[in-house]
Amino acid sequence: MSKFLIIWFGQAVSLIGSGLTSFALGIWVYQQTGSVMNFGLIALLAALPTLLVSPFSGVVVDRFNRRIIMLLSDLAEGMSILALAILFFTHRLALFEIYLLVALGAIAGAFRVPSYMALMSQIVEGRQIGRTSGMMQLGPAAAQILSPVLAGALIGSIGFQGIFLLDAITFLFAIVTLITVSVPPSPFLATKTAQTRPSLLHEAMEGWSYILARPGLSGLLAFFAMLNLTFNSSEILLVPMILGFANTAALGRIMSIGAAGFVAGGLLISAWGGPKKRVHGLLCFSLIYSAGLVLGGLRPSPVLVSAALFLALFQAPMINACSQAIWQTKTPHDIQGRIFAARMMTVSASTPIAFFLAAPLADHVFEPLLKKGGYLAQTCGRFIGTGAGRGIALFLVLNGLAAMLISTGCFFNRRLWRVEDELEDIESGELSSAAP
């Protein structure tokens with residue numbers, strides 16, 4: 001646990017720094033262009049490279065020392081952020097440079113994330129996986145709640161270039177923590193020689209082959225992909241919905257309460273370690289998350305939306321930790337890089353899908369339906385209200401109902417329900433990845 005805690009702390013600090021940059025970049029781009037599309041492209045370009053690179057990043061993660069890959073990835077991301085700071089300080093920063101550097105940082109992240117997950121499986125005992133999976137959710141939770149607050153306070157004093165420089169320093173901190181920890185080489189290196197290694201393309205497909213050969217794991221992956229699509233769609237539209245009935249100060253309070261729910265869920269799952277049957281907990285937490293989405297769209301009330309957002313985001317680290325623990329204990333260590341890369345590729349695909357579907361549907365379909373005099377103003381409008389943002393609210397309610405239907409349906413998926421019983425635990429050091 002001591003090695004895990006050192007690495008975890010460095011990565012958590014780095015995530016907060018990255019959150020500062022993401023928040024500051026969004027503000028700068030929107031201030032300079034006034035375009036929601038330009039603002040949204042930052043998130044899109046942070047996801048697309050991950051989608052394209054992940055199949056091969058998993059091979060690299062399994063072939064080489066995972067700590068070294070994390071070091072190089074942190075260094076690459078830190079250099080891209082440092083370049084942003086220099087360009088901003090010299091008044092040469094433009095949209096093209098932002099998009100390019102964001103994409104380069106995302107490529108580095110496509111190597112760092114599966115390395116981080118697979119490395120944890122190497123150094124943490126099986127009985128601690130549930131607890132450490134929960135702790136790994138605290139980094140994103142802390143970034144979500146602290147980054148907007150810190151960025152808002154720091155922009156006025158150190159400026160945008162100061163924010164970017166501070167983020168580069170947090171990457172340096174993550175690198176230092178990694179250097180201080182020694183870890184064993186990748187299990188793949190212990191079982192393969194240069195002569196026996198298959199081709200890069202063949203290895204890239206091994207992660208998918210392993211998952212698809214096990215219906216429980218493929219069902220778990222499909223469930224998480226669909227659930228993540230509802231999450232990303234809701235995340236994109238939440239701010240416009242709230243601004244339809246509240247000012248920016250109320251928006252900040254609501255988002256902070258939601259982020260507090262994320263942190264609270266992360267703290268609970270870290271202390272608890274999760275239920276004994278993780279897949280059962282995963283599905284139950286998903287139902288509560290779905291109810292939170294539905295609740296958030298029912299009325300234009302800051303109190304109701306705050307409570308709904310807290311409820312929904314409280315479940316997110318619980319869901320993620322249960323899922324992560326299943327994958328870490330049921331998949332062989334020598335192939336985890338490729339498996340986690342396949343998972344990351346699937347999850348990343350939901351971001352561009354949500355970007356290209358949710359925003360146009362909200363603007364051109366749902367919002368007109370619930371404007372005053374719209375087709376649904378006298379039916380649905382009687383329950384959830386009419387006017388700005390209420391069409392988005394209807395979309396949020398339908399999103400929650402879809403997530404609820406997906407979660408309920410999975411209760412009747414025998415293979416998914418029994419995935420933990422049908423697959424043996426992979427003990428520390430066990431390497432076999434042969435198909436059943």
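Details
- Rolled with a 1.4 Å probe across the full set of protein chains, the surface gives His364 an accessible area near 140 Å².
- Cut-off 15 Å between beta-carbons: net charge of the residues surrounding Met1, Lys and Arg +1, Asp and Glu -1: +2
- Full-stretch length increase - Arg415, Phe356 - with 0.36 nm per residue and alpha-carbon distance subtracted: 18.0 nm
- Where trypsin sites (Lys or Arg not before Pro) fall in DSSP loop in region 338-433, at most 10 other Cβ within 10 Å: Lys372
- Helical contribution to [θ] at 222 nm, DSSP H n ≥ 4, -39,500 (n - 2.57), averaged over the chain, rounded to 500: -27500 deg cm²/dmol
- In this structure, Leu5 and Glu424 have a Cβ-Cβ separation that, at R0 = 30 Å, corresponds to a calculated FRET efficiency of about 0.60.
- Modelled FRET efficiency - R0 41 Å, Val303 with Thr180, Cβ distances, 0.05 increments: 0.30
- Extension gain for Ala249 to Lys276 (0.36 nm times residue separation, less C-alpha to C-alpha distance): 5.6 nm.
- Against the main long axis of the alpha-carbon atoms of the chain, helix 95-123 sits at an angle near 50°.
- Relative contact order, whole percent, for the chain stands at 26, derived from Cα pairs under 8 Å and 6 or more residues apart.
- Percentage relative contact order, region 283-436, counting C-alpha pairs under 8 Å, at least six apart: 38
- Label-to-label distance for Thr33 and Phe89 is 2.6 nm, based on points extended 7 Å past Cα in the beta-carbon direction.
- Cα gyration tensor category, rounded, prolate or oblate, for region 1-114 with a/c compared to 1.5: prolate
- Between 0 and 90°, nearest 10: helix 390-410 axis offset from the chain longest Cα axis: 40
- Label-point gap, in nm, between Ile288 and Leu405 - each point 7 angstrom along Cα→Cβ: 2.5
- Helix 200-212 vs. the chain, principal-axis angle (Cα, 0 to 90°, nearest 10): 70
- Rounded if a/c under 1.5, otherwise prolate or oblate - the chain, Cα gyration tensor axes: oblate
- Given a 1.4 Å probe and the protein chains as shown, Phe245 ends up with an accessible area of around 60 Å².
- For Glu206, the accessible surface of its heavy atoms amounts to roughly 50 Å² (probe 1.4 Å, protein chains only, rounded to the nearest 10).
The values are calculated or read from the model by the stated rules, or taken from the named source; none is laboratory data. As the structure is a computational prediction, the values presented were derived from the model and not from experiment. Don't worry about glycine lacking a Cβ; one is built from the backbone with ideal geometry, like all the others, and counts go over all protein chains shown. These accessible areas exclude ligands, DNA and RNA; they are computed on the full protein's heavy atoms, side chains included. Shrake-Rupley method; radii C 1.70, N 1.55, O 1.52, S 1.80 Å.
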